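Written below as structure tokens is the structure these notes are about.
The values are calculated or read from the model by the stated rules, or taken from the named source; none is laboratory data. These numbers come from a predicted model, not from an experiment. Every residue, glycine among them, receives a Cβ derived from its backbone with ideal geometry; neighbour counts consider all protein chains shown.
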């Protein structure tokens, strides 16, 4: 589990050895892995990476730069977990190894990333300051000059999308009342980067919940769930943020005083929050609190597709075929929704509820788009290569709108489709449902004011 | 390794196609039979036939042994590296080159994954029949090397019946195109000879494969038994009555438990001692009449429950559970030895009894999954390769089971191949003359003995064959 800072880091501590023994070496995971499909090298496959971890733990192999590179190359999409008959906890193993590689100084987190993890993502005012500065630079047209001057670090910023204007970055209200007969109350995660880049998506999600009959509460003092920390080798940071998240949501209750469901419209955050318990040893009191908290976490689509909410949504849906305005729609599964949370049907069912909406399946929709949290910034070339077949698959569908349910995927598709000059709109599921339940007459889905990249 | 060879290979396949460092070579030390291992000197990943030929030519010049590898899902050590040798991986050759729906054939590169081909051909209403359990990961080139089977090969036949043509790169690096349409079927059937040669002859780089029309109706039945023997007897009877289901698979209790605990949970009843999975395909009338004939037989041998898959999703779940059985056993121990045993179908129950006794004597944990229709059993023994004593008992049990198969008139392998695993067993089944004949064929393809040496045919047999030649050595 956790490794204490003062303990000497032996090679075996780099690996969750017990978990590595769950792998029986059958190889059924190989073809599910985006990095293996890209390189054809088994060191870039789940079985290969586990084999390497086990070899390091058994001291047959030195954890050298090549080892670190193969661990960093993994997208943590967890597609392998969806196909593993042996139930290997690949994601948890990889988080453990990355954390240990950073702690033992074998993997150096890039300066800007470290700074963002330690400071920016943890404090709302830092986030606001960063986006305000970014927006100013972008408006002045000096953005590119700025990041080229940052040299290697600047590459991280090259793909940062246009930061929306302040009115789109305003905070969500602490309470949004149910817009019709009240069915219950929920708590919603506002998140760290979400309100800065995709505040409109959060507001759309809250509108849909409110129109479906739910009071929506947002804890004002909460910032980040810590998933980016966990995925990128900072388990201590992830633990601290998990504690603050649990504490922030514990007081939020429904009208009967029972803990309110925690609705999350970012698949990466939701997946991590559902697995908080694995950050804490079983004798740690936080382990139990984490378990109780995780049981409340529901993806936005998962919550809405359940009978009570679904009934409310159906009543709120417009009947004048609001889906028609969108043209053909397809849905791309975010990895941390389908592989990490096992949520596949609800988003599709909700889209199919929208009158007039034509939905087609996207081939290989469960393959990663290459966004993978901050991966697209850390390894832009690999991310692009992994994205390429996704565009080809999208072309096959002839869809005009691509629906996703995770901000990272949203961003990857937005910038990717602009670069590839495809006239396809990317819409989060929450925005589609917001349009379809909008009480006034307009169903013209205009592009957001800030536009694409 | 000669630096000239390394530079030469890198020039052919590019830097990303050559894996030379410790970390990137390490995962290639074994295939899915993990107790046999050796780290290869280099791993080379060509993109196409041309690169493959150039690699082979260079290896010939440097007299380097070559082991071909697809996805490394084989279970007989066929892709285990050899001393001083390189691994030639085909995982980057994954293009479907052409699909011809009229002629019902597809031309593919050898690294295409088995199930990806059926996905690509589905829009033409066609599929590729051989379906090894690892079909979602294993390559078609590897299937050719091992002449792989799968549940549906009971009806459709194993890989060799589905290969129309091959492009082969020989040990010297020549390209042998045996895939041109042949108006005249006469002449030596080199393609037939090559399939199942386990990498001893050359490298198949492009395959022309037969496709079959997707049957209009498929019915999947799950018969549930209170004893494994009863399930075996039902299978024997189904075959005796001349019925032709497309698959007949038996899964025992321990395997059911492991599968039901996994993501592939198929809904197999956990109180059963064994389940028999039966599939029937064809026109609506054919399926109906077959099913009508099957049901009383399945019940006569004690099936206390008979379920029918209601829809495609349930059918897919039943099969995903069966095909994930090997991996699911990882829940029981870190390693699994999948034995590939074959007996006449009338001897199924006898072999199950013998296998159970063999494992009990050696204190080993046994689970059974088998292609009952083919008389192909997979006794699965769970173990931990870190425990040398247990590993020795596992290997000993494997030998005892194989000897029992031979006594019952069976064979050494149904579909996994001989590889390294069953090398010594070859001499139990074949005479010295048989083996000498195999050696001579091998030498015709690969006179220097550099292609996957030490696999399939016991080496000393080849040496004895050579010394018996009038020249006293290589011809």
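Tell me yes or no: at least one residue of region B:124-133 is assigned to a helix (DSSP H, G or I), over 22 Å from residue B:169 (Cβ atoms) and not assigned by TED's automatic domain parsing to the domain that holds residue B:374.
Step one: of region B:124-133, the residues assigned to a helix (DSSP H, G or I) are B:124.
Adding the requirement that they be over 22 Å from residue B:169 (Cβ atoms) leaves B:124.
This time we only want the ones that are not assigned by TED's automatic domain parsing to the domain that holds residue B:374, so: B:124.
Yes, there is a match, as at least one residue in region B:124-133 is assigned to a helix (DSSP H, G or I), over 22 Å from residue B:169 (Cβ atoms) and not assigned by TED's automatic domain parsing to the domain that holds residue B:374.
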Exercise for the section: Filter region A:14-24 down to the residues that are buried (at least 24 other Cβ atoms within 10 Å of the Cβ) and at the interface with another protein chain (Cβ under 7 Å from one of its Cβ atoms), then identify the one that is farthest from residue A:44 (Cα to Cα). Expected result: A:24
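Can you list the helices (runs of 4 or more DSSP H) lying wholly within region B:373-475 that have 3 or more residues being in contact (Cβ under 8 Å) with a residue 40 or more places away in the chain? It would help to see each step written out before you state the result.
On the way: elements: B:388-407, B:426-429, B:432-445, B:459-468.
So the answer is B:388-407, B:432-445.
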Exercise for the section: Please tell me if residue A:291 is surrounded by fewer than 24 Cβ atoms within 10 Å (Cβ to Cβ), outside the structural domain of residue A:354 (by TED's automatic domain parsing) and under 30 Å from residue A:352 (Cβ atoms). Expected result: no
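List the helices (runs of 4 or more DSSP H) that sit entirely inside region B:250-332 and contain at least 3 residues that are out of contact with any helix residue (DSSP H, G or I) (no Cβ under 7 Å at 6 or more places or on another chain), within 11 Å of chain A (Cβ to nearest Cβ) and crowded, with 18+ Cβ neighbours inside 10 Å.
Working: elements: B:253-260, B:284-300, B:312-323, B:325-328.
Correct list: B:312-323.
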Completion exercise
In the set B:384, B:396, the lone residue that is surrounded by fewer than 17 Cβ atoms within 10 Å (Cβ to Cβ), over 17 Å from residue B:455 (Cα atoms) and modelled with pLDDT of 95 or more is B:396
Exercise for the section: Might you let me know whether region A:295-316 holds any residue that is without any contact (Cβ under 8 Å) to a residue 24 or more places away in the chain and within 21 Å of residue A:242 (Cα to Cα)? Expected result: yes
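Check A:27, A:48, A:87, A:91 and return the single one that is at the interface with another protein chain (Cβ under 10 Å from one of its Cβ atoms), in contact with a helix residue (DSSP H, G or I) (Cβ under 8 Å, 6 or more places away or on another chain) and closer than 26 Å to residue A:286 by Cα.
Numbers: A:27 fails: closer than 26 Å to residue A:286 by Cα; A:48 fails: closer than 26 Å to residue A:286 by Cα; A:91 fails: at the interface with another protein chain (Cβ under 10 Å from one of its Cβ atoms).
Matching residue, one of A:27, A:48, A:87, A:91: A:87.
Given the structure, is residue B:83 over 19 Å from residue B:172 (Cα atoms), within 14 Å of another protein chain (Cβ to nearest Cβ) and surrounded by fewer than 24 Cβ atoms within 10 Å (Cβ to Cβ)? Reasoning before the result, please.
Numbers: over 19 Å from residue B:172 (Cα atoms): yes; within 14 Å of another protein chain (Cβ to nearest Cβ): no; surrounded by fewer than 24 Cβ atoms within 10 Å (Cβ to Cβ): yes.
In short, no.
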Handout entry: Those residues of region B:353-372 which are touching a residue at least 12 places away in the same chain (Cβ under 8 Å), in contact with a strand residue (DSSP E or B) (Cβ under 9 Å, 6 or more places away or on another chain) and part of a helix (DSSP H, G or I), in sequence order
Key = B:355, B:358, B:359, B:372
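With a cut-off of at least 2 residues that are touching a strand residue (DSSP E or B) at 6+ places or on another chain (Cβ under 8 Å) and in contact (Cβ under 8 Å) with a residue 24 or more places away in the chain, name the helices (runs of 4 or more DSSP H) lying wholly within region A:162-270. Reasoning before the result, please.
Values: elements: A:194-211, A:227-231, A:235-249.
Output list reads A:194-211.
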Practice task
State whether the residues of region B:352-359 include one that is over 21 Å from the mean Cα position of the chain (by Cα), more than 25 Å from residue B:429 (Cα to Cα), away from every other protein chain (no Cβ under 14 Å) and modelled with pLDDT of 95 or more.
Solution key: no
Practice task
Evaluate the following for residue A:55: is it free of Cβ contacts under 8 Å to residues at least 60 places away in the same chain and closer than 24 Å to residue A:241 by Cα?
Solution key: no
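The rows are residues; the columns are (1) part of a loop (DSSP other than H, G, I, E, B); (2) touching a helix residue (DSSP H, G or I) at 6+ places or on another chain (Cβ under 7 Å).
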{"residue": "A:389", "(1), (2)": "no, no"}
{"residue": "A:403", "(1), (2)": "no, yes"}
{"residue": "A:409", "(1), (2)": "no, no"}
{"residue": "A:412", "(1), (2)": "no, yes"}
{"residue": "A:418", "(1), (2)": "no, no"}
{"residue": "A:421", "(1), (2)": "yes, no"}
{"residue": "A:431", "(1), (2)": "no, yes"}
{"residue": "A:440", "(1), (2)": "yes, no"}
